[in-house]
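The values are calculated or read from the model by the stated rules, or taken from the named source; none is laboratory data. Computed from a prediction, not measured in an experiment: that's the story for all the values here. Note that each Cβ is placed from the backbone with ideal geometry, even for glycine, and that neighbours are counted across all protein chains shown.
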Amino acid sequence: MTKGVLYFTCRSSSGRAMRRWAFRCVVAAALAALAFVDLSATATSAYAQPVAGACPALLDREFNRLQTGNPESLCQFRGKVILVVNTASYCGYTHQYEGLEALYRRYKDRGLVVLGFPSNDFGAQEPGSNHEIAEFCRLTYGVQFPMFEKSSVASLKVNPLYADLAARTGQSPRWNFHKYLIDRNGSPVGTFASDIEPDSRQLLALLEKLLADKPASQKG
């Protein structure tokens, strides 16, 4: 086989033997052609399949889920618009859980995910255990968006996601319910102070724009 061309040699004597050889040659040629087409189609299909986007560096890390304690990779959220929020149960902004959950339910089918990271860094306003925090969020606000175990977001032991977000944006949380908005390509593109409500016009305007954009891997 050379450059996709199939070569066959069919030789025989005259008469019945010749007809048998001719028949065998036709069958062999047909089978070989089918194999060639099948291999070509397989190769073409393999090259045509879109390669799943690599996990953005910002999301390439694991945290334990608040409700189960099981480790989960943030890579599962690649291609989505992500709102990252540090939360607390006894803060003047705790009512924002309601707005965050409403935002999540309103936009999740369009690609938004809200990620909550409880923290006791500010005013010691998240003193409870992970189980207590999970029950508070579930029973008080019906929180369904993903939340992760309590960690530091502003101390020397800051969790790696928040360390990266602070380095990339130049802004660290100054209080509970600080918000980072991350685009579909895993890049932080907006930060919002604690007093900016989840349904604020400025947050929604940027969110709508990001949801309308496709990930870079899907753009022509």
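Look through the stretch 195-220, keep the residues that are in a helix (DSSP H, G or I) and at pLDDT below 95, and return whichever of them is surrounded by the most Cβ atoms within 10 Å (Cβ to Cβ). Step through it out loud before you land on a result.
Within the stretch 195-220, the first condition is being in a helix (DSSP H, G or I), and the residues that meet it are 201-212, 216-218.
This time we only want the ones that are at pLDDT below 95, so: 216-218.
On the way: Ala216: 12, Ser217: 14, Gln218: 11.
Looking at residues that are in a helix (DSSP H, G or I) and at pLDDT below 95, I get Ser217.
Looking across the stretch 122-176 at every residue that is within 21 Å of the chain's Cα centre (by Cα), among the polar types (S, T, N, Q) and outside any helix (DSSP H, G or I), the one that is farthest from Asn86 (Cα to Cα) is identified as Gln144. For the stretch 85-96, the criterion of being outside any loop (DSSP other than H, G, I, E, B), assigned by TED's automatic domain parsing to the domain that holds Ala154 and either surrounded by fewer than 21 Cβ atoms within 10 Å (Cβ to Cβ) or modelled with pLDDT under 95 (or both) is met by none of the residues. Among residues of the stretch 193-212 that are farther than 14 Å from Leu103 by Cα, those with a Cβ under 7 angstrom from a residue that is among the basic types (Lys, Arg) and in a loop (DSSP other than H, G, I, E, B), sequence gap 6+ or separate chain, pair up as Leu210/Arg184. Across the stretch 157-192, which residue is nearest to Ala102 (Cα to Cα) among those that are among the hydroxyl-bearing types (Ser, Thr, Tyr) and buried (at least 20 other Cβ atoms within 10 Å of the Cβ)? Ranking the qualifying residues of the stretch 157-192, first place goes to Tyr180. If you go through the stretch 97-114 and keep only what is of a type in the set (D, E, K, R) and buried (at least 19 other Cβ atoms within 10 Å of the Cβ), you end up with just Glu101.
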